[in-house]
1. How many residues does the stretch 321-349 contain that are of a type in the set (Val, Ile, Thr), surrounded by 10 or more Cβ atoms within 10 Å (Cβ to Cβ) and within 56 Å of the chain's Cα centre (by Cα)?
2. Quick one: would you say Pro223 is more than 16 Å from ligand 1 (Cβ to nearest atom) and either over 30 Å from Asn313 (Cα atoms) or over 31 Å from the mean Cα position of the chain (by Cα) (or both)?
3. Return the residues of the stretch 304-321 that are more than 12 Å from ligand 2 (Cβ to nearest atom) and in contact (Cβ under 8 Å) with a residue 12 or more places away in the chain; say none if nothing qualifies.
4. Gly221 is checked against (1) on the phi < 0 side of the Ramachandran plot; (2) open to solvent by less than 80 Å² (accessible area, probe 1.4 Å); (3) not aliphatic (A, V, I, L, M) and fails just one. What number does that condition carry?
5. Considering only residues that are small (Gly, Ala, Ser) and open to solvent by less than 70 Å² (accessible area, probe 1.4 Å), look in the stretch 282-314 and name the one that is farthest from ligand 1 (Cβ to nearest atom).
6. Any residue in the stretch 248-261 that's over 14 Å from Asp281 (Cβ atoms) and open to solvent by less than 40 Å² (accessible area, probe 1.4 Å): show its pairings with residues that are of a type in the set (S, T, N, Q) and within 16 Å of ligand 2 (Cβ to nearest atom) at Cβ separation under 8 Å, as long as the two are six or more apart or on different chains.
7. Farther than 30 Å from Gly221 by Cβ and either touching a Cys at 6+ places or on another chain (Cβ under 6 Å) or modelled with pLDDT of 95 or more (or both), is that true of Asp348?
8. Looking at the structure I just gave you, is Ser197 farther than 17 Å from Lys237 by Cα and among the polar types (S, T, N, Q)?
Amino acid sequence: MKKRLLAAAICLCMVIGLFPTIAMAEETTSIVVGSQTISGSKSNPVYAVTNPDDGNVTVDSGLTEDDSWNIKWDGETLTLKEAYITASSQVDFTTTIFFYPVQSSIFCKNDFTIEVIGNNTITSDNKYYLAPISSERNITICGSGTLNCYNNTSGAFQRRAVYSDGDVTIKGANLTLEGADHSIEANNIFVSIPDLSDPCARPAVKVYSGSNQESASEIAGSPVTSDKINITDNLSKYLRTETLITMDHKLAKYESTPATCTKDGTKAYYYCPVCGKYFEDEAATKEISDIDIWKVIPATGHNIEDGICSNCNAILGDVNNSSILDINDATLVQLYLANTLTETNVFDELLADVTGDGDITILDATAIQAMLSNV
Ligand SMILES: [Zn+2]
Ligand SMILES: [Zn+2]
């Protein structure tokens, strides 16, 4: 009985001890990159740089998102940005059985995603089962960049660029995968279009395969433009994907309006209501980021000659645009100077500087009165 109580007490202690850990646990997952095991999570990602000469990986806990890095691991996605990784350990086969993952260029025990930005190369010259990219679960490859992955080690066997015990899904990206025995080995290999936020984007993924680069040809089902296709049976030693994105905007043209002496005009532009973007050209190659500023053609101002605007015939001093110069104009100048104009008052400031001294003053009201008494 005492033993049972003790066991119960120990259990209770363990549960209490574990509880806060479980409640506060965040998804920290490990991955092997360049023969190093790194652990990261969404809230605590890990960054590393790669050496462009030897493919070695250096994890740097001081790096942040804003720094220059080649590798980012957040527990779910491995982002490669201009990365070059190679694991070249020629391990002892007897230890390889148990420790092989640690010798990989990229290895993960869980589902994970590789996102590629810029040009990336992953390779390894390990003689055993190690594909440069491998997982015990599913692998998804996506991104706007390119990924070159080779496994042509002489004297090795089962040379694959990518290996998965689950499925491999290629979501767009531009890949070149080459293994001397297989490009990819997995339960299923899918190609799908990438996830794009722009509703006007129309992606197409071309898929080429063959025994090598020269003999590769576009496979059945390519280009992929909507649903994913299963390419498991169509795949050879060499695989290349090419993602092309065309834009299908529904453009409406807004014609230009000319500027007048007093009113701004607008430049012609195009608007797509589907994505909400503005463009300078009908081909939608030049996007306008701030339409309200971009479209403005400034008012020209009056071109006064002998008291009359040669463009619009406005009369100098006729600040209420009534087409005659009268005492109301002089009064409005005075109200303007006293800051007592109401919203219903028309006041064309461009006609108010009668003296031409570059400023509106009481002298302008006086000048209007003088002109009226001379009539
Ligand atoms: Zn659009
Ligand atoms: Zn004018």
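1. Number satisfying all stated conditions: 2.
2. For Pro223, the condition - more than 16 Å from ligand 1 (Cβ to nearest atom) and either over 30 Å from Asn313 (Cα atoms) or over 31 Å from the mean Cα position of the chain (by Cα) (or both) - is met.
3. Gly317, Val319, Asn320
4. Failing condition for Gly221: (1).
5. Let us first name the residues in the stretch 282-314 that are small (Gly, Ala, Ser), namely 283-284, 289, 299, 301, 307, 310, 314.
Those still in the list that are open to solvent by less than 70 Å² (accessible area, probe 1.4 Å) too: 284, 299, 301, 307, 310, 314.
On the way: Ala284: 7, Ala299: 32, Gly301: 37, Gly307: 51, Ser310: 44, Ala314: 43 Å.
Taking the candidates together, the pick is Gly307.
6. Cβ pairs passing all conditions: Ala259/Thr300; Cys261/Thr300; Cys261/Asn303; Cys261/Asn311.
7. Considered against the rule, which asks whether it is farther than 30 Å from Gly221 by Cβ and either touching a Cys at 6+ places or on another chain (Cβ under 6 Å) or modelled with pLDDT of 95 or more (or both), Asp348 comes out as no.
8. It is true that Ser197 is farther than 17 Å from Lys237 by Cα and among the polar types (S, T, N, Q).
The values are calculated or read from the model by the stated rules, or taken from the named source; none is laboratory data. Owing to the predicted nature of the structure, the values given are computational and were not obtained by experimental measurement. When we count neighbours, we look across all protein chains shown, and the Cβ atoms used for this are built from the backbone with ideal geometry, even at glycine. Side chains are part of the model used for accessible areas, which takes the heavy atoms of the whole protein and leaves out ligands, DNA and RNA. Shrake-Rupley method; radii C 1.70, N 1.55, O 1.52, S 1.80 Å.
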